[in-house]
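A.B. asks: Following this message is one structure expressed as structure tokens.
Any read-out appearing in this document is the output of simple, stated calculations on the displayed coordinates, not a laboratory observation. Quick caveat, the model's predicted, so the values are computed rather than measured. Cβ sites come from the backbone with ideal geometry, for glycine too, and all protein chains shown count toward neighbours.
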Amino acid sequence: MANIKGTERSDTITPQFVSAGVVGGPPTGGADWISGLGGGDRIDGGAGNDIINGGDGSDTLRGSHGNDSITGDAGNDELWGGNGDDRIAGGSGNDRASGDEGSDLLWGDAGNDELWGGNGDDRIAGGSGNDRASGDKGSDLLWGDAGNDTLSGGDGRDTLYGGQGDDQLNGNDGNDSLGGDDGNDALSGGSGDDRLWGGAGDDRLWGDRGNDVLSGDNGNDRLWGGDGNDSLYGGNGDDRLSGDDGNDELAGGAGNDVLSGGSGNDALSGGDGTDILTGGSGTDTLTGGSSRDTFDFNFTTESLSGLGIRDIITDFNGTGPSGDQIDLKGIDANRTTFGNNDFTWKGNAGPTGAAGELWYVDEGGNRLIRGDVDGGGKADFEIQLVGHPDLNVSALPDSDIIL
């Protein structure tokens with residue numbers, strides 16, 4: 001092994017031309033131990049398993065071939081692992097480090113660092129500071145640590161963990177796991193079947209493509225499922241959940257939540273708190289949970305008439321100002337006239353052929369609310385209430401149905 005030590009000036013050291021620590025000898029191609037000391041050094045380890053320390057100053061360090069250990073130390077350094085399974089530590093300063101080929105270990109340490117894993121299954125830790133890290137190819141593990149960090153998984157099945165601070169995590173391709181931890185974080189799964197966890201803080205989670213699992217945890221979170229059949233869990237706090245495309249499962253948890261199923265056959269559960277549930281298109285199942293919940297319908301196409309295509313409210317509990325409400329004010333009750341018209345409540349009397357009538361029937365052990373918006377004398381939409389809940393249709397705010 002060649003043991004090479006630079007000066008406190010700016011040195012250029014290439015061990016291919018070093019023998020026994022003397023610059024200018026024949027190439028060794030072996031395992032070298034190189035220390036730059038002070039100054040802005042340029043060091044290339046060459047072939048072999050090298051140990052390189054830049055020392056003070058802004059250094060450029062290359063491991064080249066072999067399983068190398070590279071430390072930038074003080075200064076704003078550039079570190080390149082090259083081929084092999086390398087261990088790279090930036091030290092203090094704003095450093096740039098790339099593992100290149102192989103399964104590498106990168107640690108930014110102090111400062112605002114930029115870290116790239118390259119090919120292979122890499123492990124990357126940003127350390128303190130506002131860091132940017134990318135796993136690139138392979139199944140990588142990225143940890144932002146302290147600071148407001150930006151982490152990108154790249155190809156492969158990656159695990160991203162933000163740590164402290166307001167972090168941005170992007171899974172990109174593959175079936176990834178993303179955890180925001182502390183702070184107000186933004187997480188995007190990308191393609192693949194991803195698992196996203198917001199942690200503490202007011203977080204934003206996008207599942208994007210694939211069948212994803214999103215959990216907001218603590219804080220007032222925003223969750224979007226994107227394409228695919230997704231599962232969204234708000235956790236504690238006043239959360240907003242949107243299933244988007246696919247057959248999704250949404251659970252608000254504790255707090256006053258807003259749930260929107262989007263397209264597809266969705267299952268929505270408000271949980272604790274005063275929640276607003278909108279099924280969207282498709283055949284949806286809506287469960288309000290405890291407290292006074294609102295079931296919101298804005299188009300007749302959101303709950304068509306007929307078994308298997310209408311929406312179902314599983315736990316409607318109305319009867320006045322402390323109970324649940326069905327909100328139909330977004331639906332134009334009379335398509336034959338201009339404007340957004342209100343419905344006329346008919347009770348159990350049934351339709352007369354006038355547009356804008358709303359009534360209920362008991363059918364098969366359930367109560368169905370039906371509406372006629374075109375004057376055809378039959379239901380253009382209907383909503384199923386499990387069981388026979390009492391209905392109080394009167395002046396707001398006591399009415400169980402907002403006409």
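A.B. asks: Stretch E363-V386 to full length: gain in nm at 0.36 nm per residue minus the Cα-Cα span?
C.D. replies: Result for the pair: 7.2 nm of gain on full extension.
A.B. asks: Rank by packing, highest mean first: peptides 289-295, 124-130, 35-41, with packing defined as the count of other Cβ atoms within 10 Å averaged across residues.
C.D. replies: Sorting 289-295, 124-130, 35-41 by mean packing, highest first, produces 124-130, 35-41, 289-295.
A.B. asks: Follow-up question, since we're still on this one. Sort the following peptides by mean Cβ neighbour count (other Cβ atoms within 10 Å, averaged over residues), highest first: 347-355, 142-150.
C.D. replies: Order by mean packing, descending: 142-150, 347-355.
A.B. asks: Something else now. Placing +1 on the Cβ of each Lys and Arg and -1 on the Cβ of each Asp and Glu in the chain, which of G201, A355, G219 has its Cα farthest towards the positive end of the resulting dipole?
C.D. replies: A355
A.B. asks: Pull out the extension gain between K137 and A395, defined as 0.36 nm times the separation in residues minus the alpha carbon to alpha carbon distance; nm, one decimal.
C.D. replies: 86.7 nm
A.B. asks: Starting from the Cα-Cα distance between E101 and D245, subtract it from 0.36 nm times their residue separation and give me the gain in nm to one decimal.
C.D. replies: 48.0 nm
A.B. asks: From the phi angles alone, apply the Karplus equation (6.51, -1.76, 1.60; θ = phi - 60°) to segment 362-369 and give each ³J(HN,Hα) in whole Hz, x where the residue is Gly or Pro.
C.D. replies: Taking θ as phi minus 60°, the curve returns 9, 9, x, x, 10, 9, 10, 9 Hz for segment 362-369.
A.B. asks: Could I ask something else about it? Just the Kirkwood number for the chain, please: inverse of mean 1/r across all distinct Cα pairs, in Å, one decimal.
C.D. replies: About 24.4 Å, per the Kirkwood formula over Cα pairs.
A.B. asks: Given points 7 Å out from each Cα along the Cα-Cβ axis, report the S263 to A146 separation in nanometres with one decimal.
C.D. replies: Each label point lies 7 Å from its Cα, and together they span 4.8 nm.
A.B. asks: Could you tell me what percent of the DSSP beta bridges with both partners in the chain are antiparallel, to the nearest 5?
C.D. replies: About 10 percent, rounded to the nearest 5.
A.B. asks: Give, rounded to the nearest 20 debye, the magnitude of the charge dipole that the chain has about its Cα centre when Lys and Arg contribute +1 at Cβ and Asp and Glu contribute -1 at Cβ.
C.D. replies: For the chain, the charge dipole is close to 460 debye.
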